[in-house]
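Just below is one structure, and these are the notes that go with it.
The values are calculated or read from the model by the stated rules, or taken from the named source; none is laboratory data. Please read these numbers as outputs of a predicted model, since none were measured by experiment. So basically every Cβ, Gly included, is an ideal-geometry build from the backbone, and we count neighbours across all protein chains shown. Accessible surface areas use protein heavy atoms only, side chains included; no ligands, DNA or RNA. Shrake-Rupley method; radii C 1.70, N 1.55, O 1.52, S 1.80 Å.
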Amino acid sequence: MILNIIKKTLKVIKRFFWVLLIIGVFIGVRWFYTRDGIKTVSVKPIQIQNRTVEKTVSASGKVKSQNSADLSFNTTGRVEIINVKKGDQVKKGQLLAKLSTDIVQKNIQYYKDARDIAIKNKELFIEQYDKNRDDLGGERDYQLTLAKNNELVSQAEAAYQAQVDTLKNSYIYAPFDGMVVDVKKDNGENASIGEMIIKIENLSAIIFEIDLDQEDYGSIKTGQNAKIELDAFENHQFDGEVSFLPLYADDNSTTGFKLEIKMKPETGRIPLVGMTGDA
């Protein structure tokens, strides 16, 4: 009996022990986090916002004219007249230079006369046939002789037109409004076919041409704004707009693609063709 009472007493003591142990642990943990020197940190909530991430693409280049032409004669001859000099403003269709055309004019007259004779011989043959049809061999011979005369007229006309074209090739006209930036020949000098005589450019419409890395090609599109810094104008930026994107890589480009930026005009600062800088 006494043994049972002792066992029951021990069980009650064990239960109280575990309860007291749990309470003690809870009190110890609470004391540890609330003792002096431990302070809580206030957290400020931040609202998430959508923002655009910008990427800047830069490249070196130089100023070019949107319209530029190296003008030459399409025939060989002696320069008779140069009507312009460097710096002159010219209008589209204006006569800029001409070769001596004395020999060409004589050739034109010679071939014109030859053509007229061929036409006259053909007309004379037709007239004689109408009057003496039987004496000229009949219809078959008439058609053969007429075809021969037509061929002679055609050949004479072709030779004459070739001389007329040669005369046209002896003149140089301005293909657009612009400024003469170079003159390579003087009066009296000989000029060859295709040799550059006069160079003109339209300086009212200038572009900044850059070599664009192919890694940046996908980041550019026409119409985008651009800032251009020229070496000749320190600490100044010109405004521009992407005006042309090539559809294929340029073999002459050091990086892959030649891109054009149309420069907006400014008063007081005039970029000149050939100036270098960065965009």
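A few points about this structure:
- Residue among Asn74, Asn67, Asn50, Asn83 that is polar (S, T, N, Q) and touching a Leu at 6+ places or on another chain (Cβ under 6 Å): Asn83
- Positions within the range 214-244 being surrounded by 14 or more Cβ atoms within 10 Å (Cβ to Cβ) and touching a residue at least 60 places away in the same chain (Cβ under 8 Å), in sequence order: Asp216, Ile220, Leu230
- Of residues in the range 39-83 being within 30 Å of Gly240 (Cβ to Cβ) and without any contact (Cβ under 8 Å) to a residue 24 or more places away in the chain, the one farthest from the chain's Cα centre (by Cα): Asn50
- Qualifying residue in the range 49-65 (condition: open to solvent by 100 Å² or more (accessible area, probe 1.4 Å), under 18 Å from Asp186 (Cα atoms) and touching a Ser or Thr at 6+ places or on another chain (Cβ under 9 Å)): no
- Scanning the range 191-208 for residues that are part of a strand (DSSP E or B), open to solvent by 30 Å² or more (accessible area, probe 1.4 Å) and either touching a Pro at 6+ places or on another chain (Cβ under 7 Å) or not hydrophobic (A, V, I, L, M, F, W, C) (or both) yields a total of 1.
- The range 152-173, subset modelled with pLDDT under 90 and farther than 18 Å from Lys112 by Cβ, residue least open to solvent (accessible area, probe 1.4 Å): Ile172
- Within the range 131-146, the residues that satisfy the criterion of being modelled with pLDDT under 70 and either open to solvent by less than 60 Å² (accessible area, probe 1.4 Å) or not basic (Lys, Arg) (or both) are Asn132, Asp134, Asp135, Leu136, Gly137, Gly138.
- Of the residues making up the range 66-77, those that are modelled with pLDDT of 85 or more, open to solvent by 70 Å² or more (accessible area, probe 1.4 Å) and not in a strand (DSSP E or B) are Asn74, Thr76.
This table checks each residue for (1) in a strand (DSSP E or B); (2) at pLDDT 85 or above.
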residue: Lys221; (1), (2): no, yes
residue: Ile228; (1), (2): yes, yes
residue: Ala232; (1), (2): no, yes
residue: Ser253; (1), (2): no, no
residue: Phe257; (1), (2): yes, no
residue: Thr267; (1), (2): no, no
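- The listed residue being within 26 Å of Lys92 (Cα to Cα) and in contact with an Asp or Glu (Cβ under 7 Å, 6 or more places away or on another chain), out of Glu260, Glu266, Glu201: Glu260
- The residue list Gln128, Gln89 contains one member that is open to solvent by 100 Å² or more (accessible area, probe 1.4 Å) and of a type in the set (S, T, N, Q), which is Gln89.
- Every condition in (1) out of contact with any strand residue (DSSP E or B) (no Cβ under 7 Å at 6 or more places or on another chain); (2) on the phi > 0 side of the Ramachandran plot; (3) in contact (Cβ under 8 Å) with a residue 24 or more places away in the chain holds for Gly194 except the one numbered (1).
- Total residues in the range 245-275, condition touching a Ser or Thr at 6+ places or on another chain (Cβ under 7 Å) and open to solvent by less than 90 Å² (accessible area, probe 1.4 Å): 4
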